[in-house]
Amino acid sequence: MPLKKDFLWGGAVAANQCEGAYLEDGKGLSLVDLLPAGKERWEALMEPKKALTTTYSHYPSHESIDFYHRYKEDIKLFAEMGFKVFRLSISWPRIFPNGDETEPNEKGLAFYDNVFDECAKYGIEPLVTINHFDTPLGLVKDYGGWRNRKLIDFYVKFAETVLHRYKGKVKYWLTFNEINMILHIPFFGAGLILEDGENHDQVKYQAAHYQLVASSLATKIAKEVDPQIQIGCMLAAGEIYPYTCHPNDMLKAVKENQSQYFFIDVQSRGYYPSYAERLFKELGVSLEMEEGDRDILKRHTVDFISFSYYSSRLTSADPEVNNAQKSGNAIMTLRNPHLDATDWGWQIDPIGLRVTMNQLWDRYQKPLFIVENGMGAVDELNENNTVDDDYRIEYMRDHLEQMIEAVEDGVELMGYTSWGCIDLVSAGSGEMKKRYGFIYVDRDNEGRGTNERYKKKSFNWYKQVIESNGEKL
Ligand code: P53
């Protein structure tokens, strides 16, 4: 049996993509609450100034799948599949509506108490992301998001509040979702609105420095609250392959991989990697640090390395070749001719998961946790009120096989939570139509539908995977 007996099987969601109830019980607005669905969403993410001033016809986060009111029903379904762990995030503006209050919103805190108590009923361990793409809008508008060092204090206050409040209820925490996303979608990652004419790399890496310090401070507090708590960093992973075997392509791939690993290099090792000096020089980046920052980073490193994996990526040293890059794989990348793709053009590379796991393990020698993986697809509810999502089963089976191979390679792995275990709003496109779940939710791109939940074929398949601890795929 390659997987540990207490392997943490489960699923993952994020507050802004499932809760809805966007102004209920004192919640404030987050930056996501201004984002529309469809093509306009991507434009808004790339040009967030527009999102702050445009009125759109539909905001998918406002109601979403209404997890806020239906969490009992949903957790019951997760328990039926045998979940050992449920990854969710805490909505920052539910706890601090503008982000800079001195006192938290009690009703927001109570909501997560209820959710964790519900999980406990079924022996499901929560895995909590403190911040998942939903910086309070107040902190974006009044402070410029993470370009402002004050965000460290606001984040630390938020982290401290929830770490204390849920002491004894939550053992596994992640400080920031996909911390490297700041390079690709800086508005999501850090509430950054980049100005024309400024050095964007400077702004992004400065903001990243603040997040890294904040992450370490949260880790420090967590250990003071309860030494049993385990803290993870979280990387949008996916090994970057060289486009050809030309040494220049290989070198380019090495460098691009470093720029992704950069964040967790700091979070895991406790210091800036030596390659950062040259990288920053080339990008014209010069970081402002306060005395004590380096010490904080050094002292409070993470316990485990969590990551999302959707696909590998490709790069070429030839600018002409690289010009053919497509967004598709979530992050801009070249197309790999050896791989198929999903309906949304994300390429499917199960072996890439094994490659990525080996690389992460070799690099850090800390336990890994796959906290996102899955297939966004168009699902049709049939006359039997189910979805025959054999394509999803196949996708997941192929990935789980490679995950187990990686464990047999010697990688230490804590668990696996599939992304969007219940259908929810897509982060990148705002659509409901891009579904990841084992549970179908009757709701469409325009927000119409009953919100009823239905089990897909993959529901029973995953149940059997968990029951057999990965033996029956
Ligand atoms: P959606 C881009 C690239 C890689 C991961 O994505 C990404 C994104 C943002 O779109 O996000 C992660 O919903 C993220 C989740 C997100 C999931 O991947 O665009 O942590 O919030 O839903 C899947 O299909």
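The values are calculated or read from the model by the stated rules, or taken from the named source; none is laboratory data. Model, not experiment: these values are computed from the prediction. So basically every Cβ, Gly included, is an ideal-geometry build from the backbone, and we count neighbours across all protein chains shown.
When the range 291-303 is examined, which residues are found to be in contact (Cβ under 8 Å) with a residue 24 or more places away in the chain and surrounded by fewer than 21 Cβ atoms within 10 Å (Cβ to Cβ)?
The initial filter retains those residues of the range 291-303 that are in contact (Cβ under 8 Å) with a residue 24 or more places away in the chain, namely 293, 296-303.
Within the range 291-303, 293, 296, 298, 299, 300, 301, 303 meet the criteria.
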What's the number of the only condition in (1) more than 16 Å from the ligand (Cβ to nearest atom); (2) among the β-branched types (Val, Ile, Thr); (3) surrounded by fewer than 21 Cβ atoms within 10 Å (Cβ to Cβ); (4) more than 24 Å from residue 241 (Cα to Cα) that residue 355 fails to meet?
(4)
Looking at the range 402-453 only, could you name the residues that are among the polar types (S, T, N, Q), within 16 Å of the ligand (Cβ to nearest atom) and part of a loop (DSSP other than H, G, I, E, B)?
426, 429, 445
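Look through the range 366-397, keep the residues that are hydroxyl-bearing (Ser, Thr, Tyr) and within 16 Å of the ligand (Cβ to nearest atom), and return whichever of them is surrounded by the most Cβ atoms within 10 Å (Cβ to Cβ). Step through it out loud before you land on a result.
Going through the range 366-397, the residues hydroxyl-bearing (Ser, Thr, Tyr) turn out to be 386, 391, 395.
Now drop any that are not within 16 Å of the ligand (Cβ to nearest atom), which leaves 391, 395.
Numbers: 391: 16, 395: 20.
Among them, the one singled out is 395.
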Out of (1) modelled with pLDDT of 95 or more; (2) farther than 17 Å from residue 14 by Cα; (3) surrounded by fewer than 24 Cβ atoms within 10 Å (Cβ to Cβ), the one residue 214 does not meet is (3)
So residue 127 ticks every box in (1) in a helix (DSSP H, G or I); (2) among the hydrophobic types (A, V, I, L, M, F, W, C); (3) surrounded by 20 or more Cβ atoms within 10 Å (Cβ to Cβ); (4) at pLDDT 95 or above but one. Which box is left unticked?
(1)
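Only residues that are assigned to a loop (DSSP other than H, G, I, E, B) and in contact (Cβ under 8 Å) with a residue 60 or more places away in the chain: list them for the range 75-102, please.
Residues of the range 75-102 assigned to a loop (DSSP other than H, G, I, E, B): 82-84, 90-91, 96-102.
If the condition is that a residue be assigned to a loop (DSSP other than H, G, I, E, B) and in contact (Cβ under 8 Å) with a residue 60 or more places away in the chain, then 82, 83, 84, 90, 91, 96, 97, 98, 99 are the ones that fit.
Condition check: under 25 Å from the mean Cα position of the chain (by Cα), buried (at least 20 other Cβ atoms within 10 Å of the Cβ), away from the ligand (no atom under 16 Å from the Cβ) and not aromatic (Phe, Trp, Tyr). Does residue 306 satisfy that? Walk me through how you get there before you give the answer.
Details: under 25 Å from the mean Cα position of the chain (by Cα): yes; buried (at least 20 other Cβ atoms within 10 Å of the Cβ): yes; away from the ligand (no atom under 16 Å from the Cβ): no; not aromatic (Phe, Trp, Tyr): yes.
In short, no.
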Qualifying residue in the range 274-281 (condition: of a type in the set (Phe, Trp, Tyr), free of Cβ contacts under 8 Å to residues at least 60 places away in the same chain and closer than 30 Å to residue 350 by Cα):
yes
